[in-house]
Amino acid sequence: MPGRVTVKDVAAQAGVSAMTVSYAFNRPGRVAEDTRRRVLEVADRLGYRPDRTARALRSGRSGQLGVVLGEHLSYAFDDPQAAQFLAGVADVCVEDDLGMVLIPTGGDSGDVDRVRDAAVDAYVLWTTTEDDPVLAAVSAGGRPAAVQGGPARPGIVRVGPDDRAAAAAVATAALADGGTPVVVSFPLDRSREARVGPAAGLPGHVPFPVTRERLAGYRDAVTAAGRDWATVPVAVVERNERAQGAWAARALGLGAGAVVLAMSDELALGVHAELGGRAARIAGWDASAAALAAGVVSVTNPLREQGRACARAALDPSAPVPEVAWEVVG
């Protein structure tokens, strides 16, 4: 058939209306299975493909789910836990026949426009700070959204575990046999400034909610163990990487008897590589196979499930959000 094949061409050949052809592709539940099969066979024979761009313009929907990463794009592939989270989002996109658009933000002036102008129907956000202007733009933009780990905002569903309770539990397990506690912390704020000093020198309010809640949990456990939290050495890293964990071990001058409370398995593995067997105990987070094999005590943090839950919450904010269960292992 010369020229571009249209819906009307398929309808004429299949002996149905143009609306039935549209339903066969876009709302298959409204078409009898035999009719749909006939329409698809004719469409395939004629070489017809639905024009998704035109459909998006008519419906006002892009068929895309945006994932705001809050990290450099390579982080999505380098960090094993971020990869698990994105795989969970991708699971839902596959199930719902949606595309997934990665929108990395790096703290520059173009972040808000990059996110706001994305041709997506909803957003999933990787954890960020309370003062992140991207968070405010998404909250005010009218499109539904969900964030892993927080912070929660009106119009944005939070998905994540009870970080404070889990941090207290893993720290309590690590300190069970005694030792001197030290902390290897995620960044405190958007500056991502590395720093080393006693816990007493930490700011009164930490804008990163995940960091803040885990620090609070460590403080709970350290205090319950009869230790003075104010004197606990804390190394704040710039990024969640093993090399940063190794840097923290050197910066803290760690040696025998230290109980290291690290906010991720990647940081814990960096400490482990730097110290070998000199640490009394190392605690991490995520319960990765590599960390457990290295003897790290950790917390399960099912990020693939959280990716799925975030995607579902973004696509249907009225749906109940499942509780994220955790346990201490290792």
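Residue ranking by accessible heavy-atom surface, 1.4 Å probe, largest first, among T180, T35 comes out as T180, T35. Only DSSP H runs of four or more residues enter the estimate; each adds -39500 (n - 2.57), and after division by the residues of the chain the mean residue ellipticity at 222 nm equals -12500 deg cm²/dmol.
Projected area of the chain, taken from the Cα convex hull and averaged over every viewing direction, in nm²?
On the way: hull surface 79.2 nm².
That works out to 19.8 nm².
Against the main long axis of the alpha-carbon atoms of the chain, helix 33-46 sits at an angle near 80°.
For region 153-169, putting each phi into the Karplus relation 6.51 cos²θ - 1.76 cosθ + 1.60 with θ = phi - 60° gives couplings of 9, x, x, 10, 7, 8, 10, x, x, 7, 4, 5, 5, 5, 5, 4, 5 Hz, in residue order, rounded to whole numbers and with x for Gly and Pro.
Taking 0.36 nm per residue of sequence separation and removing the Cα-Cα distance, the D108/F77 pair yields an extension gain of 9.0 nm. For M263, the amide hydrogen comes within under 5 Å of the amide hydrogens of V184, F186, counting only partners 5 or more places away or on other chains and with H modelled in the peptide plane. Stretching E238 away from A293 to a fully extended chain increases their span by 17.2 nm, per 0.36 nm per residue minus the current alpha-carbon distance.
Tell me, what is the FRET efficiency for D117 and A224 to the nearest 0.05, using R0 = 56 angstrom and their Cβ-Cβ distance as r? Intermediate values should be presented prior to the final figure.
On the way: r = 49 Å, r/R0 = 0.87.
That pair, D117 with A224, gives E of 0.70.
Return the percentage of antiparallel bridges among DSSP beta bridges fully within the chain, rounded to the nearest 5 %. Walk me through the intermediate numbers first.
Numbers: 7 of 36 bridges.
Restricted to the chain, the bridges split so that about 20 percent are antiparallel.
Sort region 150-252 into rounded, prolate or oblate with this rule: let a ≥ b ≥ c be the square roots of the eigenvalues of the Cα gyration tensor; rounded if a/c is under 1.5, and if a/c is not under 1.5, prolate when a/b is larger than b/c, oblate otherwise. Oblate, because a/c is 1.5 or more while a/b does not exceed b/c. Other residues within the sphere of radius under 12 Å centred on the Cβ of L261, judged by their own Cβ, net out at +3 (K and R +1, D and E -1). Mean separation of Cα pairs under 8 Å and 6 or more residues apart, divided by the residue count, gives the chain a relative contact order of 16 percent.
Report, in whole Å, the centroid distance computed from the Cα atoms of region 89-131 and region 1-34. Each part reduced to its Cα centre gives a spacing of 34 Å.
The values are calculated or read from the model by the stated rules, or taken from the named source; none is laboratory data. All values derive from a computational prediction rather than experimental measurement. Glycine also receives a Cβ, built like all others from the backbone with ideal geometry; neighbour counts cover every protein chain displayed. In case anyone asks, the SASA skips ligands and DNA or RNA and just uses the protein heavy atoms, side chains included. Shrake-Rupley method; radii C 1.70, N 1.55, O 1.52, S 1.80 Å.
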